[in-house]
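Below is one structure; the comments refer to it alone.
The values are calculated or read from the model by the stated rules, or taken from the named source; none is laboratory data. Everything quoted here is computed from the prediction, not taken from an experiment. Using ideal geometry, Cβ is built from the backbone for each residue, glycine included, and neighbour counts are taken over all protein chains shown.
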Amino acid sequence: MTPPLLDADWNHWPDGLGPDETAAAAARVGCDGLELGVYDSAVELSPDRLTQWQRAAQRHGQPVRRLLLSLPAERWPAGALSNSRGAGALLDQATAAAQVAADLGHDIVGLWPGADLVGADWMLMVQACAGLAEVVRPIGVRLALEAKPDTRLAAPADVVRLAEEAGASDVVGVLLDTAHELAAGRDPVGLLAELGGRVLHVHLGDSGGGADDDLPPGRTHDLRPFVAALACSGYSGCMTPDLYGWVESGGATGTDAVSETLRHLQATA
């Protein structure tokens, strides 16, 4: 499949799968590699944990190809990019994740600043974005920021504006999550044309109206036109089904949800 389809380890967190089981599940359904969720680089990207993933990747032919650093409100109560006192912690986390990504041969790290809620201080976010650019630029890694409704970065256009005002457009771009855009009433295909080369990474999901539905693609919207447009756009990255909410709610196992995603994308129109 073009672009390559990765399995996210967080799709299997509700089922309690570890690295080997996750890599085996991804291989069974036919994925092209893995994306790892990171809350704390010292934990999820510790040497011991990375060794587990590398062994699992080799055993099952599922290399780790992306990292997603998530900064949710419950872990960053004073904000992520908008935290006036936590800039050092943010830079430490981003630097560590970027360095691990570079060591693994990646040139992109996903970043979800979910703790920057509606009303967060925009200028603090601009300053933090500029600081992030300074630390990842020498490493040779770019940051793909994920927009989500009901946060300060509610739309991809907000990410573009943030990067431009921070003087960071060369290293900061968009992580486009189709479920978030569908929940907001935006057309993912149209967004590709608007954003051009600013799309650095893609999360695939469907929505019945909620930003956290995380439905398998095809449940309410046909995402095959989006994937076809993505392939024709010159996009050279990967795409990852983000199905945590659906799995966590008991809608399906992670393996079944990813398998359903593949069946939808491979079905004849």
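Observations on the structure shown:
- A single entry from GLY218, GLY209, GLY250, GLY196 fulfils the requirement of being modelled with pLDDT under 95 and on the phi > 0 side of the Ramachandran plot: GLY196.
- Condition check for LEU145: over 21 Å from MET125 (Cβ atoms), crowded, with 20+ Cβ neighbours inside 10 Å and modelled with pLDDT of 95 or more: no
- Scan segment 218-269 for residues that are β-branched (Val, Ile, Thr) and out of contact with any strand residue (DSSP E or B) (no Cβ under 6 Å at 6 or more places or on another chain) and the total you get is 5.
- When the helices (runs of 4 or more DSSP H) confined to segment 1-89 are screened for residues that are surrounded by 20 or more Cβ atoms within 10 Å (Cβ to Cβ) and modelled with pLDDT of 95 or more, those reaching at least 2 such residues are found at 19-29, 47-60.
- Filtering VAL258, VAL247 for residues that are of a type outside the set (Gly, Ala, Ser) and closer than 27 Å to ARG142 by Cβ leaves a single hit, VAL258.
- ALA101 vs. criteria crowded, with 17+ Cβ neighbours inside 10 Å, touching a Lys or Arg at 6+ places or on another chain (Cβ under 9 Å), modelled with pLDDT of 95 or more and assigned to a helix (DSSP H, G or I): yes
- Every pair of residues 6+ apart whose Cβ atoms lie under 7 Å, when the first sits in segment 114-137 and is farther than 23 Å from HIS180 by Cβ while the second is part of a helix (DSSP H, G or I) and of a type outside the set (A, V, I, L, M, F, W, C): VAL135/THR95
- Restricted to segment 3-38, and to residues there that are charged (D, E, K, R) and in contact (Cβ under 8 Å) with a residue 60 or more places away in the chain, the residue that is nearest to VAL199 (Cα to Cα) is GLU35.
- Entry remark, segment 203-225: residues being in contact (Cβ under 8 Å) with a residue 60 or more places away in the chain and among the charged types (D, E, K, R) number 0 in total.
- Screening the candidates ASP32, ASP20 for the property of being acidic (Asp, Glu), out of contact with any Leu (no Cβ under 8 Å at 6 or more places or on another chain) and closer than 24 Å to ASP256 by Cα yields one hit, ASP20.
- If you go through segment 11-32 and keep only what is within 15 Å of TRP53 (Cα to Cα) and small (Gly, Ala, Ser), you end up with GLY18, ALA23, ALA24, ALA25, ALA26, ALA27.
- Across segment 209-224, the number of residues qualifying as among the hydrophobic types (A, V, I, L, M, F, W, C) and surrounded by fewer than 21 Cβ atoms within 10 Å (Cβ to Cβ) comes to 1.
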